[in-house]
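The values are calculated or read from the model by the stated rules, or taken from the named source; none is laboratory data. Only a predicted model underlies this, so the values are computations on that prediction, with no experimental measurement involved. In this analysis, Cβ positions are derived from the backbone assuming ideal geometry, glycine residues included, and neighbour counts consider all displayed protein chains.
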Amino acid sequence: MWGLETLGRVRLSKHFWMRDFLYSEIGNFHQIQNIPDAPDLAIDRGRALCTTLLDPLQETFGRIFVRSGFRSAALNSFGNAHKLNCARNTHPLECHIWDSADVPVAGASIVIPWFADRYDAGRDWRDLAWWLHDHLEYSEIFFFPKLCAFNIAWRPVPQRRIDSYIVPRGCLLPAGSEPQEAPQMRQARYADFPPFMAGHAP
């Protein structure tokens, strides 16, 4: 127990601790522990995720909500087998297993309340997608209809891919491709967004 408490208190970045990513409804309901098999690897990749992607988001938009963070391989496999909205462990876009020796990735499903309020009022999810693309070194982003939540992933070599279950569904930006919308069109979409504050917010 004390080791798990110590793990939860590990600070990953300016704004996030490991405990922020260990909660799991699936794990709690089905009594499956959500503990890394390789804690040091999970911590290292979690730090990269937070410093590269999540800290800049929180500093720009205010508090962000982590809907789903780290999942142990066993928990994720259980979730996939029981159709609980978990991709299979070997799926190329699975980003919640941070401690795989073979796949260097760390990701989380998050909600930005600032944008969720505007999305609920009819705002196009692609406005946020293009802001993310133009400001962050993400690897993959995958949008979901409820609250405009999205998975965002860090990898040491970013793929730069964007997909969505929100209409228009499908792949907005294939990996390694250039956006079809010109920079001026993308910037017009998010002209009213807060200034990018990475490294400047308290």
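Consider segment 157-187 and keep the residues that are surrounded by 13 or more Cβ atoms within 10 Å (Cβ to Cβ) and small (Gly, Ala, Ser). The one that is farthest from GLU140 (Cα to Cα) is SER164. Scanning segment 133-174 for residues that are free of Cβ contacts under 8 Å to residues at least 12 places away in the same chain and in contact with an Asp or Glu (Cβ under 9 Å, 6 or more places away or on another chain) turns up ARG169, GLY170, CYS171.
The lone criterion from (1) farther than 20 Å from ALA129 by Cα; (2) charged (D, E, K, R); (3) buried (at least 17 other Cβ atoms within 10 Å of the Cβ) left unmet by ASP55 is number (1).
Out of ASP134, ASP163, report the one residue that is under 30 Å from ALA101 (Cα atoms), among the acidic types (Asp, Glu) and either modelled with pLDDT under 95 or not in a loop (DSSP other than H, G, I, E, B) (or both).
Working: ASP134 fails: under 30 Å from ALA101 (Cα atoms).
Step by step, each of ASP134, ASP163 is checked, and only ASP163 is under 30 Å from ALA101 (Cα atoms), among the acidic types (Asp, Glu) and either modelled with pLDDT under 95 or not in a loop (DSSP other than H, G, I, E, B) (or both).
Scanning segment 39-80 for residues that are more than 19 Å from CYS148 (Cβ to Cβ) and not in a helix (DSSP H, G or I), which turns out nearest to the chain's Cα centre (by Cα)?
The initial filter retains those residues of segment 39-80 that are more than 19 Å from CYS148 (Cβ to Cβ), namely 39-52, 55, 59, 70-80.
Adding the requirement that they be not in a helix (DSSP H, G or I) leaves 70-72.
Numbers: PHE70: 10, ARG71: 13, SER72: 16 Å.
Within segment 39-80, the match that is nearest to the chain's Cα centre (by Cα) is PHE70.
The residues listed here are TRP98, TRP114; of these, the one that is in contact (Cβ under 8 Å) with a residue 40 or more places away in the chain, in contact with a helix residue (DSSP H, G or I) (Cβ under 7 Å, 6 or more places away or on another chain) and under 22 Å from ILE43 (Cβ atoms) is TRP98. The set of residues from segment 16-38 being touching a Leu at 6+ places or on another chain (Cβ under 7 Å) and part of a helix (DSSP H, G or I) comprises MET18, ILE26, GLY27. Of the residues examined, ALA87 is one that is assigned to a loop (DSSP other than H, G, I, E, B), of a type in the set (Gly, Ala, Ser) and within 29 Å of GLY170 (Cβ to Cβ). Look at (1) at pLDDT 95 or above; (2) of a type in the set (S, T, N, Q); (3) surrounded by fewer than 16 Cβ atoms within 10 Å (Cβ to Cβ) and you find that GLN31 fails only one, number (1).
Out of segment 141-165, which residues are among the hydroxyl-bearing types (Ser, Thr, Tyr) and touching a Gly at 6+ places or on another chain (Cβ under 9 Å)? Outline the logic, then answer.
Restricting attention to segment 141-165, the residues satisfying the condition of being among the hydroxyl-bearing types (Ser, Thr, Tyr) are 164-165.
SER164, the sole residue that qualifies.
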